[in-house]
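To start, the structure under review is shown below, and the notes come after it.
The values are calculated or read from the model by the stated rules, or taken from the named source; none is laboratory data. None of the values given here were measured: they were computed from a predicted structure. With ideal geometry, Cβ positions are generated from the backbone for all residues, glycine too; neighbour counts draw on all protein chains shown.
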Amino acid sequence: MTNKLERFTQRARRALSLAQESAEALEHGNIGTEHLLLGLMRETDGVANRVLGDFNVTADQIEALVKEMSQAGIRRSPTAPLELSIRTRRALELAVDEARLMGHDYVGTEHLLLGILRQNDSTAANILRRLGLDLERVRQTTRSMILLKSVPEPETFNR
């Protein structure tokens, strides 16, 4: 998996690590898109966090909705390894595609957020819709931030 993440920025990798921590803390059976969304919110220096902040979305709101929507979720055995869910893996693929569409040679937190939103049937996309967000509005805000260079993400690779 490391090779697959080589284009991911330090902040994007940190968000993935924070997603794993969230899944572990909630004792969930895998790392779902909802955990990735929590990771993006907890990576406070990432573009995704700032984009969500523009929509007045907070980590507390997301965490409350994650807990509400996953009450009946699969609990994990403490000894079982935690893996990415199918939807999370797909969101990562879509994030790479978003980066390509924007002409970026890196995958940042902003691309992860857009990848999540492109997964229409994911828990995280449902959470964001409940908070009034949709793919096009988030994509437009993200592009505006990047174009205005108001939130540069200078360290792109750790090779």
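Under the condition of being touching a strand residue (DSSP E or B) at 6+ places or on another chain (Cβ under 6 Å) and over 12 Å from residue 112 (Cβ atoms), which residue from the stretch 8-39 is surrounded by the most Cβ atoms within 10 Å (Cβ to Cβ)?
Across the stretch 8-39, the extreme among qualifying residues is 23.
Kindly indicate the residue of the stretch 25-62 that is in a helix (DSSP H, G or I) and farther than 22 Å from residue 137 by Cβ and also farthest from the chain's Cα centre (by Cα) among those meeting that condition.
By that ranking, first place goes to 25.
Does residue 95 meet the test of being in a helix (DSSP H, G or I) and closer than 16 Å to residue 9 by Cα?
yes
Take residue 91 and decide whether it is modelled with pLDDT of 95 or more and under 15 Å from residue 32 (Cβ atoms).
Against the criterion (modelled with pLDDT of 95 or more and under 15 Å from residue 32 (Cβ atoms)), residue 91 qualifies.
So if I check each of 58, 141, which one is at pLDDT 90 or above and farther than 14 Å from residue 37 by Cβ?
Sole residue among the options that is at pLDDT 90 or above and farther than 14 Å from residue 37 by Cβ: 141.
Looking at (1) touching a residue at least 12 places away in the same chain (Cβ under 8 Å); (2) out of contact with any helix residue (DSSP H, G or I) (no Cβ under 7 Å at 6 or more places or on another chain); (3) hydrophobic (A, V, I, L, M, F, W, C); (4) farther than 25 Å from residue 144 by Cβ, which one does residue 64 not meet, given that it meets all the others?
(1) is the only condition that residue 64 fails.
Residue under question is residue 86, and the condition is that it be more than 14 Å from the chain's Cα centre (by Cα) and at pLDDT 95 or above; does it hold?
Against the criterion (more than 14 Å from the chain's Cα centre (by Cα) and at pLDDT 95 or above), residue 86 qualifies.
Every residue, every condition in (1) surrounded by fewer than 23 Cβ atoms within 10 Å (Cβ to Cβ); (2) among the hydrophobic types (A, V, I, L, M, F, W, C), yes or no:
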{"residue": "96", "(1), (2)": "yes, yes"}
{"residue": "101", "(1), (2)": "yes, yes"}
{"residue": "108", "(1), (2)": "no, no"}
{"residue": "115", "(1), (2)": "no, no"}
{"residue": "124", "(1), (2)": "no, yes"}
{"residue": "130", "(1), (2)": "yes, no"}
{"residue": "143", "(1), (2)": "yes, no"}
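Taking the condition of being in a helix (DSSP H, G or I) and over 12 Å from residue 52 (Cα atoms), how many residues in the stretch 98-111 meet it?
Selection size over the stretch 98-111: 5.
Determine whether the stretch 112-127 contains at least one residue that is among the β-branched types (Val, Ile, Thr), part of a helix (DSSP H, G or I) and more than 21 Å from residue 9 (Cα to Cα).
Yes, the conditions are met somewhere in the stretch 112-127.
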